[in-house]
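J.: Here it is: the structure, laid out below.
Laboratory data are not the source of any read-out in this text; all were calculated from the coordinates shown. Just so it is clear, the structure is predicted and the values come from calculations on it, not from any experiment. Glycine gets a Cβ as well: all are built from the backbone with ideal geometry, and neighbour counts include every protein chain shown.
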Amino acid sequence: MSMLDEIIRREIAERGILPFARFMELALYCPNSGYYEAKKDNLGRRGDFYTSVSVGELFGQLLAFQFAEWLGELPRADCGPRIVEAGAHDGTLASDILNRLQSARPKLFGQLGYCIIEPSARRQEWQKDTLKNFAPRVRWFADLQSLHRDESCRRPLCDIIFSNEFLDALPVHRFGWDAPNKKWFEWGVAVQGKRFVWARSADDSSVGSPQSAGRFADKLSALRHLPLSLLEVLPDGYTVEICPAAANWWREAANLLEQGRLLTIDYGLTDDELFSPGRTHGTLRAFSRHHATDDVLANPGGQDVTAHVNFSAIQSAGEACGLKTETFSTQAQFLTRILDKASKEKDFGGLVASNRSEGGWGAKQARQFQTLTHPDHLGRAFRVLVQTKQGAPYKPNS
């Protein structure tokens, strides 16, 4: 039995049925034992899954071009522009972006600050090793609030906050539909012999304290908008994941952004796609050695656990905070638009030639772009949400 197994079993013994969100939090982020804490090399061919970053440097180069264009639209303060990344994993994407900006936009690069939101000390060390050539340009913060409180740059946050495959790894709550009784219940985790098993939480009934009933009602708030006509046709046992943490993080980032853009790229669906009677078992999956499995309770800490992002929820959260949705598209559409613009910019570090067939666009780049955009690879599975906020013109402190 692993140390993480013992930690989870101890919590179940103390608390009873464990909410799945807590199980997922421990499985992925438990210090020293969680999947993202213990495994650095979990991307790419030798890892457990592919990401756009593991395809090659082109993904970061295209983002660098887009970021440079966006930053050029913003008012500049005396301490320079900032890019804020959440979920930087080992720092490879940050390195690809900064390398391209350094070669193609040296003036912008010379003013740029790159901030990484990373609560894990271990992952910070991985990132610092990858980005050692860019120190001290890169700074680390445990969360968005610590960035906001930083006194080294007294000005509103007027730049870019972005993430790539970050929101899909935030802990989710899992709910089932009790069709005969027309009510939702929460799935939790219990112990059966040597295994972790699914168990219905007691919070879905009148059993329990008023506090637990209130917490359960708060979790259910994301399901209250579903029409009665849909609930009438949902099959018994229909399962869906809810991620309050994703909407809360997006809301916090939106409130900190005085002017600029908030961007995420991730696996995800809209409300209409998620809450479909035909999608009976939700989107929760585990990945190990490039194989997906529904057995997300097995081997905690040894496999990735993820659920699709509800883009309707985070889009609504941003708009409620005053952001305007600029783009909601597939990754293929988003990157193709960037490439079309970059093709006209002959000075952007030789990223592409004016005509892709005439130099500057080798077989390696073509292969990477195809993987990033083809619908059978990463082009359709990933969605892109960009929201903007336009604030008052910035006036630096005198």
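J.: Please express the shape of segment 88-136 as an equivalent ellipsoid: the semi-axes are the square roots of 5 times the eigenvalues of the C-alpha gyration tensor, given largest first in whole angstrom.
T.: Equivalent ellipsoid semi-axes, largest first: 21, 10, 8 Å.
J.: Using a 10 Å cut-off on Cβ atoms, rank the peptides 291-301, 63-73 from the highest mean neighbour count down.
T.: So the order, starting with the most tightly packed, is 63-73, 291-301.
J.: Going highest first, how would you order 268-277, 254-263 by mean Cβ packing within 10 Å?
T.: Details: 268-277: 16.1, 254-263: 20.7.
Averaged packing, sorted descending, gives the order 254-263, 268-277.
J.: Using label points projected 7 Å from each Cα along Cα→Cβ, tell me how many nm separate residue 181 and residue 142, to one decimal.
T.: 4.1
J.: Additional query: If I model a spin label at residue 125 and residue 291 as a point 7 Å from the Cα along the Cα→Cβ vector, what separation in nanometres do I get?
T.: Label-label distance for residue 125 and residue 291, simple model: 3.2 nm.
J.: I've got another one for you. If the cut-off is 16 Å between C-alpha atoms, which aspartates and glutamates fall inside it for residue 132, apart from same-chain ones fewer than 8 positions away?
T.: Straight-distance partners of residue 132: 90, 96.
J.: Longer than 23 Å from Cα to Cα, which of 107/344; 107/389; 194/219 are they? Say none if no pair is.
T.: Violating the 23 Å limit, Cα to Cα: 107/389; 194/219.
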